[in-house]
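Laboratory data are not the source of any read-out in this text; all were calculated from the coordinates shown. Note that this is a predicted model, so its numbers are computed, not measured. Here the Cβ is made from the backbone with ideal geometry for all residues, glycine too, and neighbour counts use every protein chain on show.
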Amino acid sequence: MTALRQFSLIILFLFSGQLILAQNLYEASLLEKEGKIEQAVQIYDEWLASNSKDSRFSEILIHCSSLISSVDDTLRLLMKYENFADNENKQDVYLKIAQTYELVFQYEKAADYYEKASVNSGGNRNYKIYLKYLLLNYQLGELPLMSDLNDILLGSEGTQIHVDALLLKAELYKYEGNLNRAETLLQESRYSAFFPEIQLALWEIHLLRNNLNAASQVLDFMKTNFPDSIELSLMEGKVGALPRLSHFFLPSQSSRFQSYIQVGSFSSAENIKSLSDQLRLLNFDFFYITEKGLTKIIVTGNLPSDQLLSNLRAKGIEGFKIEDPKHPD
C-alpha cells in the first residue's frame, strides 16, 4: 500500500468518525424536538463519554443537563463529567453545578462551587459570581471580609452588582452595631434614589434608630417613586419578609443581653391592639402571654434591661422588668 493511499485512508477514517459524531448530535437534537428527552439525553451522554477533548464538550454537557427533569440526575451527570471540561469552560460547568445545588437547598455545596466558578482560566475574578458566593456564605453564617466587598465595589462594572455589594457592606455595618456608617454609606451612594432596595435598607436603619420622622420620609418617597415595588409592600406590612439563614447562624453582637419588659396586661382586645400597633410603629419586638383571661404584652430585646426600659419610657411607654418568661416559639 502506497504512502499516499495510507494517508487517504486515515483522512477518510477521521472524517467518517467526525461525521458519525455529528450525526449522533443531530439525532439527539431531532429527538429533543420530538419530545423524546430521555433518548436524547442518553445519546448526549454517550457522546460526552467519548468526546472529552471536543471543543463543544462543556456546551453539550450543560445543554444535556438542562434537559433532565430530576435534580439528582442532573447533578450526577454534571459531577460525572466536571473534571473533563477544559479550563476555558470549567467556569460554566461549576456555575451550573452551583445553581443546581442551590435549587435543592444544599447551600454549602452551592457556595463551594460558586467560589470555584468565580475564577476563570486566566485567574481573573468574576465579581458577579463571587458576590453570589459571599451572599450565600453570609446566609450560612460566615461574615465576608470588608476588603472583598471593597474590591467588588471598586472593580465591578455592573450597576446591580455594585448595589448588591453596597447593601451587603451596609448589612455588615449593622451587624457590627455601626448604624451611622451603614446609613451614611447608603445615603451617599449615587444609586440611592434609584433603587428601592437601598431605600428599604435605609428605612430599616431609621427604625432601628427610632428615627420615625426619617422613616416616614422614606416611606413617602417610596409611595411616590416606587408604588408597585415589593420593597414598599414590605414597609407597609402587606407582605412578610422571609427570614435569612444568617438570622439563625450569625450570633448577635449583644447576645449576652436578653431583656424582658412587661408593658401591659389586658382583657380587652381593643387595648391589646392599640398598644401592639404602637409598639410595631416604634419597631419594638414583643410577644404575648395569656394567663387567666389576661393577655400580657412583653417587649424583648438584646439590650440591658435598664436601657430597654429607658428606651420605652422615652417613647411614652411604661413597664417593668421581668425574668425570662420562656415565651413559646
* To do: Describe numerically, in nm with one decimal, the distance between label points set 7 Å from Cα along Cα→Cβ at residue 83 and at residue 38.
  => 3.0 nm
* Structure fact -> What one gets for the chain as the Kirkwood radius, inverse of mean 1/r over different Cα pairs in Å, is 24.7 Å
* What lysines sit close enough to residue 238 to cross-link, taking a C-alpha to C-alpha distance under 30 Å and skipping anything fewer than 8 places away on the same chain? -> 132, 169, 174, 223, 273, 296, 315, 326
* To do: Neighbouring Cβ atoms within 10 Å as the yardstick, rank 73, 228 fewest first.
  => 228, 73
* Asked: Quick one: Cα centre-to-centre distance for the stretch 261-329 and the stretch 177-204, in angstrom?
  -> 30 Å
* Asked: Rg/Rh for the stretch 83-169: what does it come to with C-alpha atoms and Rh from Kirkwood?
  -> 0.97
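Cα-based Rg of the stretch 259-321 per 2.2 N^0.38 Å, rounded to two decimals? Let's see the in-between values first.
Working: Rg = 11.1 Å, N = 63, 2.2 N^0.38 = 10.6 Å.
With N residues counted in the stretch 259-321, Rg over 2.2 N^0.38 Å equals 1.04.
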* Could you state the number of Å between the C-alpha centres of the stretch 100-143 and the stretch 36-55? -> 28 Å
* At 7 Å along the Cα-to-beta-carbon direction for both residue 274 and residue 142, put a label point, then send me their distance in nm to one decimal. => 5.3 nm
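How would 63, 162 line up from fewest to most surrounding beta-carbon atoms within 10 angstrom?
On the way: 63 15, 162 21.
Neighbour counts put them in this order, fewest first: 63, 162.
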* Have a look at 156, 173, 146 and report the one farthest towards the positive end of the charge dipole of the chain, computed about the Cα centre with Cβ charges (Lys/Arg +1, Asp/Glu -1). => 173
* Structure fact -> Note: residue 266 to residue 120 extended length (0.36 nm per residue) minus current alpha-carbon separation gives 46.3 nm
* What does the helix-only formula give at 222 nm for the chain: each DSSP H stretch with n ≥ 4 adding -39500 (n - 2.57), the total divided by the residues, and the result rounded to the nearest 500 deg cm²/dmol? -> -19000 deg cm²/dmol
